[in-house]
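One structure below.
The values are calculated or read from the model by the stated rules, or taken from the named source; none is laboratory data. Because the structure is predicted, anything quoted here is derived from the model rather than measured. Because the Cβ atoms are built from the backbone with ideal geometry, glycine has one as well, and the counts that use them run over all protein chains shown. In case anyone asks, the SASA skips ligands and DNA or RNA and just uses the protein heavy atoms, side chains included. Shrake-Rupley method; radii C 1.70, N 1.55, O 1.52, S 1.80 Å.
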Amino acid sequence: MMTSHRLALISSLLTGSSFAFHLSTSIHRQPSLTNNNHNHHHHHQQRAQSVTLHQYPISITENAPRDTITLTDWAINYGIGLGDTFQLTAAQQDDAIHDDVYTITSQPIAPSTPILSIPSNVILTGSMARQELGSQTFGAEDSLLLSDHQPFYLFLKVLTEYELGDQSPWYYWLNSLPRYYSNGASMTDFCFGCLPPYAAGLALAEKQRYKQYVEALSSISFLSEESKQSEEVTKWAFNVVFTRYMELPGGDVALVPMADYLNHGAEPNVDISYDEEGNCYVYSMTEVGAGEPLVFSYGDSTNPSNLLARYGFLDESSEATFCKYVIENPTFEMFNLGYPNSMYFYNDGGISNEVWDVLLYELLKVSPEEQQHFYQAHMSGDEGTKASYHDQYFAQTYKSITSHVDYILNELDELGIGLETQIAQGQDKKRHPRLPLIMRHNEFVKGTFDNVRQNLDNMMPDILSLCVCLCNKNTIQGTSLEEQQQAFYQAHMSGDEATKQYYHEHYFPQTLAVLQTHVDYLVNELDDLSESSWRKTFRKDQHRHPRLPLILRHNNFVREIFELVQQNLDGMAS
């Protein structure tokens, strides 16, 4: 654990000669943070009703400029140590209007190089905000019906400092923060309709959380009514908190000025730690080249949809993504099997073992004894028993995964066609600036699912062979698999229907699963060649391709037959 003595030492190393206390003449010395933290909410209570929004110096309209120029001087003024190679830079976002400002190293650095040191009195934490704002917040806390209220207190703290304007010690930091966000709380109904179901659900959950926070403000008396009723103000404060707070070792949450400019990376190159007094330190973990971003992990990199909903960006650096398989009311056993955190689809088309395990366990619910036996084998590490169940029910599990992948791909295809239509009708990024990001998210997910679908197609020979090559549990006692195959063929040739019926009944689940997989595959192929898809490609070419209507009629005719067969097989399965 680090002490305040070490903080002073590291700060002196970080500031050094190049960061000797030279301040912009535009910045005046702010009031003491320590004295201000516990007392200025009384000042807010006195002025809350008399203040009006237009008096606040921070403009938070989405197109308002961010003042990052004076941020570094503010940080030094309040004792934040900045490493010699620390540098803020900017890059355009998807909408080509708003910049993403983030941290890079201006020179190559080695592992364990100090990057930042932030004293605890500059850091805003949920627990300190709760202590400062006092008992007036308890009614709002109760109305939220949430188990974790710490982010809500940061939300109140940001609103409180916003109303102080340039009298807030954090004014220059707040004035440097983004005004424009692309996370779920900032999305419109149009945006939600452009996302596949899983991602849309995550984004809507963020929107609902924001609405809960706003409703809870009704019992807060120390904020002005104008602030509380302004969607622009409350949404900005909410987004500041939920796109920038960090989780502390003891379970608290914190806004850490300057460290919050570190971007997300699937492979972090910096480490963030805290000493017993709450001071924050940032060190490099690896060698970092000049001009490279300094990054740490915001969360699970295998779930780009969650990062989009929470933070409003797309992480394309991960090698895998959550498979988007959602189970309502998952059991404790499913969590132990890996749901949902280990259920990955890999970018190369691979499928994690946990996907197979969870789906097989769910399929085995029709046979509770086998389901429990499979689960016990998993918990005890009995891979042999697990493998025998996977072999026995491979065709059924395969069909379940394939149906899920086809469903998601179909959703993404329909969304893609719908988005193209919207753009053609003028619903472009000027009216919906988050549209390019959403389309990029959908294309990223679709690319992974396409590769998984190709991998599943390559497994088809394995499924067909499993029709006859079954595990020992289902083998008819006293005969080998080859003998059973020959006996079935001889019964067919001799007209022995009773023996054939016996084999069909014995292997009915496996045969049904193979038939379902085959029919589903062909229906999916015909969907890809459907009239809507062809119209997308040939909407201007029917005169050039006069045989196209006949081909489309043929495909629709075949598809109708296979759909009826599909319904029949589904009825047998149920």
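With a 1.4 Å probe and all protein chains in place, put Glu328, Glu132 in order of accessible area, largest first.
On the way: Glu328 160, Glu132 10 Å².
Most to least solvent-accessible, the answer reads Glu328, Glu132.
In a shell of Cβ-Cβ distance under 9 Å around Glu62, excluding Glu62 itself, what net charge do Lys and Arg (+1) and Asp and Glu (-1) give?
On the way: positive: Arg179; negative: Glu232.
Residues close to Glu62 contribute a combined charge of 0.
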Filter on Lys207/Lys446; Lys399/Lys446; Lys157/Lys446 - keep pairs with C-alpha separation over 29 Å: Lys157/Lys446
Residue-wise HN-Hα coupling along the range 346-351, computed from phi with Karplus coefficients 6.51, -1.76, 1.60 (Hz; x: Gly, Pro): 8, 4, 8, x, x, 10
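Expressed in nm to one decimal, what extension gain is obtained for the pair Thr61 and Leu548 from 0.36 nm per residue of sequence separation less their Cα-Cα distance? The partial results should precede the final answer.
Values: separation 487, 0.36 × 487 = 175.32 nm, distance 5.17 nm.
This chain segment gains 170.2 nm when fully extended.
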For Asp100, distant residues with modelled amide H under 5 Å away: Ala91, Gln92, Gln93
Integer Hz, Karplus 6.51/-1.76/1.60 couplings in order for the range 445-459, x for Gly and Pro: 5, 4, x, 5, 5, 4, 5, 5, 4, 5, 4, 5, 4, 5, 7
Per-residue HN-Hα couplings for the range 384-391 [Karplus 6.51, -1.76, 1.60; θ = phi - 60°; Hz; x = Gly/Pro]: x, 5, 4, 4, 5, 5, 4, 5
Nitroxide proxy distance, nm - points 7 Å out along Cα→Cβ at Gln376 and Arg440: 5.2
Accessible area in the full protein assembly, largest first, 1.4 Å probe, for Arg66, Arg179: Arg66, Arg179
Prolate/oblate/rounded label for the range 211-291 (Cα gyration tensor, a/c 1.5): prolate
Ranked order, Phe508, Phe313 - accessible area, probe 1.4 Å, largest first: Phe508, Phe313
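What accessible area per residue comes out for the range 175-310, rounded to a whole number of Å², with a 1.4 Å probe? Don't skip to the answer; put the middle values down first.
Details: 4610 Å² over 136 residues.
In whole numbers, the range 175-310 has 34 Å² accessible per residue.
Based on the Cβ-Cβ distance from Glu560 to Asn341, what FRET efficiency comes out when R0 is 35 Å, to the nearest 0.05? Don't skip to the answer; put the middle values down first.
Working: r = 42 Å, r/R0 = 1.19.
It comes to 0.25.
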Residue-level accessible surface for His373, protein heavy atoms, 1.4 Å, Å²: 90
Long-range HN-HN contacts of Val295 with modeled amide H, under 5 Å: Asn269, Val270
Val326 paired with Thr188, simple spin-label distance in nm, labels 7 Å along Cα-to-beta-carbon: 2.3
Total formal charge among the other residues, if their Cβ is under 12 angstrom from that of Gln376, Lys/Arg +1 and Asp/Glu -1: -3
Around Thr302: net Lys/Arg minus Asp/Glu count, Cβ-Cβ under 10 Å: -3
Ile109 accessible area, 1.4 Å probe, all protein chains in place, Å² to nearest 10: 20
Candidates per GluC sites (Glu not before Pro) in the range 177-280, loop by DSSP, up to 10 other Cβ within 10 Å: Glu276
Sequence-distant residues sharing a close amide H with Ser176 (under 5 Å, placed H): Asp67
Label-to-label distance, nm, for residues given as Glu232 and Lys211 (7 Å Cα→Cβ offset): 2.3
